[in-house]
Amino acid sequence: MITAKIEAQADFDAWRTTARLLLQNEIAPENVDWEIPGSEGSLFSDLADPISRLKAVRSEIKCPKAFVEIGKRVICFRDPGRFARLYTILWRLQSDRTLLKNTVDPDVIWLTQCDKAVRRDRHKMHAFVRFRIVGLGQFRREQFAAWFEPTHYITELAAPFFKRRFPNMDWVIVTPDCTAIWNGTDLHFTPGGQKSEVPEEDAIEDHWKTYFNSIFNPARLKVGAMIAEMPKKYWKNMPEAIDIPDMIQSARARENAMREHGVTTANPMAETLKSRMALQAAHDQKFKTLADAKNAVQSCRRCPLHCHASQAVFGEGPKNARLMIVGEQPGDQEDIAGRPFVGPAGGVLNAALCEAGIDRDAAYVTNAVKHFKFKVRGKRRIHERPSAGEIDHCRWWLETEKRLVKPDIVLTLGASAVRAILGKNVRISDMRGEAHILSDGTKLFATVHPAFLLRLTDVRRREEELKSFVNDLRQARRVLDRLET
Ligand code: URA
């Protein structure tokens with residue numbers, strides 16, 4: 001018997017390393033005793049052979065990608081038997097590569113069910129974590145803490161979602177098994193904690209309750225469906241849920257009252273919503289000139305990026321330019337100067353445009369996202385890629401620029417820019433090298449972002465990529481030339 005010890009509950013890489021060693025030594029699942037994290041070990045574990053003493057007898061291990069993907073989730077399933085069962089499946093995969101396709105196999109059924117349970121738990125964590133404000137940190141960043149009790153060991157699996165969602169605040173999520181900490185630059189994990197470490201209430205507690213009360217429609221209440229979606233065990237950590245039992249109880253009476261009166265009472269959030277919609281409507285008007293739009297973008301509140309950027313950076317160039325160049329978002333220098341592509345990436349772009357025979361001054365140059373998104377590292381502000389949601393919110397401004405400039409050709413630099421133009425993710429490698437006709441007849445050329453070239457450390461590769469970049473620009477120029485003749 002061999003004892004395999006895993007130190008952490010949800011460490012798939014550690015499990016995989018151990019499982020590989022076992023497979024390389026052809027140790028069958030029934031001969032492995034998987035010791036679970038935190039356990040004292042079995043009476044016989046001292047007598048068992050340690051894995052580290054083993055010498056590999058076989059080198060080729062088959063570990064299909066699909067199994068790795070599912071395994072990363074199933075390792076989080078709260079069942080001490082999961083390490084052994086995963087090993088059994090990996091063992092069987094060595095002689096049956098199609099095993100995972102056999103949907104009636106008991107091991108595959110187990111794997112699928114665990115995966116479903118973990119995904120569901122992750123989804124619940126994303127939806128039901130409630131942050132309480134705890135103060136202000138460095139650079140006056142707001143600091144939040146949340147207590148959550150997941151069913152499975154999913155904190156590490158679920159935390160990247162919160163990093164993407166709340167990159168600009170410091171937060172801690174404490175669970176009984178693991179604590180996730182985000183400080184604006186680094187997401188890390190420490191052992192679990194206790195509910196008492198997180199404040200129970202904060203200043204925005206009442207807003208949650210007011211919001212939930214105001215969206216609660218007694219005539220639409222389906223208790224079963226509500227509890228299936230928001231199981232009771234989560235209620236105790238959700239400020240708005242405290243009123244649910246009362247609301248369910250009074251629902252029938254409220255429904256009857258609504259019927260009698262024939263009207264609903266005013267939504268307590270109505271005033272706030274009205275003023276927000278008025279602001280939005282002011283922005284949504286169809287601007288007649290680029291100057292008006294440029295003015296208005298400064299007060300854009302469509303997404304939270306305005307909170308930390310110095311200013312919005314609008315496009316610049318002739319109002320009837322034939323070529324529109326779209327980058328990703330302003331960088332550190334652009335954020336200060338208020339103009340696109342004036343920093344290092346702008347330097348590469350200018351040189352490449354020059355080599356391709358394109359006059360930058362004749363082009364309209366802009367970005368998919370108008371505010372600089374960054375994280376603070378020491379004294380530096382480090383560029384952070386805008387999320388799909390941020391790009392989509394900002395599309396409205398790009399569309400406005402496109403409507404007013406009416407370019408014949410749009411040249412997108414990088415993945416964010418092409419997403420902003422097409423409204424969906426596409427691979428640049430699939431788009432490069434040819435013109436794509438947009439629904440309004442504009443020709444789209446997609447190429448890489450100049451910052452990508454700056455990041456390449458291998459000199460030869462950089463030269464090659466730079467050559468391809470200039471070729472892409474030349475292609476756009478040739479079409480421009482044809483339009484002008
Ligand atoms: N990178 C961009 O995408 N745009 C800029 O304006 C500067 C750098």
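The values are calculated or read from the model by the stated rules, or taken from the named source; none is laboratory data. Computed from a predicted structure; not experimentally measured. Cβ placement follows ideal geometry from the backbone for every residue including glycine, while neighbour counts extend to all protein chains displayed. Please note that ligands, DNA and RNA were not included when accessible areas were found on the heavy atoms of the full protein model with its side chains. Shrake-Rupley method; radii C 1.70, N 1.55, O 1.52, S 1.80 Å.
Stretch residue 228-residue 399 to full length: gain in nm at 0.36 nm per residue minus the Cα-Cα span?
Answer, rounded to one decimal: 57.5 nm.
Can you work out ³J(HN,Hα) from phi for every residue in region 141-155, in order, using Karplus 6.51 cos²θ - 1.76 cosθ + 1.60 and θ = phi - 60°, giving whole Hz and x for Gly and Pro?
With coefficients 6.51, -1.76 and 1.60, one gets 6, 6, 10, 10, 9, 9, 10, 9, 10, x, 6, 10, 7, 9, 4 Hz.
Suppose R0 equals 22 Å. What FRET efficiency, 1/(1 + (r/R0)^6) with r the Cβ-Cβ distance, do residue 59 and residue 13 give to the nearest 0.05?
0.70
Using square roots of five times the C-alpha gyration tensor eigenvalues, list the equivalent-ellipsoid semi-axes of region 133-201 in whole Å, biggest first.
Largest first, region 133-201 gives 19, 15, 9 Å.
Points 7 angstrom from Cα along the Cβ direction at residue 134 and residue 79: gap in nanometres?
Here the modelled spin labels are 3.5 nm apart.
In degrees, nearest 10, range 0 to 90: what is the angle between the Cα axis of helix 82-95 and the longest Cα principal axis of the chain?
80
For residue 294, go through the aspartates and glutamates and keep the ones whose alpha-carbon is under 17 Å away, minus same-chain ones fewer than eight residues off.
Excluding near neighbours in sequence, the set is 284, 316, 334, 335, 399, 401.
State the extension gain, in nm to one decimal, for the chain segment bounded by residue 253 and residue 484, taking 0.36 nm per residue of separation less the distance between their alpha-carbons.
75.9 nm
For the chain, what is the mean residue ellipticity at 222 nm derived from helices alone (per DSSP H run of n ≥ 4: -39500 (n - 2.57); sum divided by total residues; nearest 500 deg cm²/dmol)?
Estimated from H runs of four or more residues: -13500 deg cm²/dmol.
Please list, ordered by chain and number, the residues whose modelled amide H lies under 5 Å from the amide H of residue 325; skip anything fewer than 5 residues away on the same chain.
It is 364, 365, 366, 411, by chain and number.
Accessible surface of residue 126 in the full protein assembly, 1.4 angstrom probe, to the nearest 10 Å²?
50
Taking all protein chains together and a probe of 1.4 Å, list 381, 82, 461 from the most accessible to the least accessible.
Ranking 381, 82, 461 by accessible area, largest first, yields 461, 381, 82.
Could you derive backbone 3J(HN,Hα) for region 453-469 from the dihedral phi with the Karplus parameters 6.51, -1.76 and 1.60 (θ = phi - 60°), listing whole Hz in sequence and x where the residue is Gly or Pro?
5, 5, 7, 6, 9, 7, 4, 5, 4, 5, 4, 5, 5, 5, 4, 5, 4
Sequence-distant or interchain residues sharing an amide H contact under 5 Å with residue 414, placed H: which?
447, 448, 449
Please name whichever of 109, 407, 449 sits farthest to the positive end of the charge dipole of the chain, dipole taken about the Cα centre and charges placed at Cβ: Lys and Arg +1, Asp and Glu -1.
407
Computing the accessible area with a 1.4 Å probe over protein heavy atoms, can you report the carbon and sulfur percentage for region 109-168?
Exposed carbon and sulfur together represent 50 percent of the surface.
To the nearest whole percent, what portion of all C-alpha pairs in the chain is separated by more than 28 angstrom?
67
Using a 1.4 angstrom probe with every protein chain in place, what is the largest-first accessible-area order of 95, 250?
Greatest to least solvent exposure: 95, 250.
Using the heavy atoms of the protein chains alone and a 1.4 angstrom probe, what is the accessible area of the chain per residue in square angstrom?
Computed with neighbouring chains in place, this is 54 Å² per residue.
Quote the relative contact order of the chain in percent (integer), defining contacts as alpha-carbon pairs under 8 Å separated by 6+ residues.
Result for the chain is 9 percent.
Modelling each spin label as a point 7 Å along the Cα-to-Cβ direction, I'd like the residue 243/residue 289 distance in nm, to one decimal.
With each label point 7 Å from Cα toward Cβ, the separation is 4.9 nm.
Could you list, in their original order, any pairs among 116/232; 319/379; 288/370; 236/424; 402/467; 373/402 whose Cα atoms are separated by more than 30 Å?
As for pairs spanning more than 30 Å Cα to Cα, those are 319/379; 236/424.
So for the pair residue 187, residue 463, with labels modelled 7 Å out along Cα→Cβ, what separation do we get in nm?
The modelled label-to-label distance comes out at 4.0 nm.
Post the alpha-carbon centroid distance, region 221-257 to region 351-406, in whole angstrom.
45
Sequence-distant or interchain residues sharing an amide H contact under 5 Å with residue 33, placed H: which?
Sorted by chain and number, the residues that satisfy this are 2, 3, 4.
With every protein chain left in place, what is the accessible area of residue 468 in Å² (1.4 Å probe, nearest 10)?
40
Order 18, 485, most accessible first, counting only protein heavy atoms with a 1.4 angstrom probe.
Output order, biggest surface exposure first: 485, 18.
Which whole-number value in Å³ per residue fits the convex hull of the alpha carbons of region 369-485?
Taking the convex hull of the Cα positions in region 369-485, it is 127 Å³ per residue.
Taking 0.36 nm per residue of sequence separation and subtracting the Cα-Cα distance, how much length would be gained by fully extending the chain between residue 200 and residue 361, in nm to one decimal?
This chain segment gains 52.2 nm when fully extended.
Just to verify a number: FRET efficiency for residue 380 and residue 260, C-beta to C-beta distance, R0 = 45 Å, to 0.05?
In this case the efficiency is close to 0.10.
I'd like the accessible area for residue 115: 1.4 Å probe, protein heavy atoms, all chains in place, Å² to the nearest 10.
The accessible area of residue 115 comes to roughly 10 Å².
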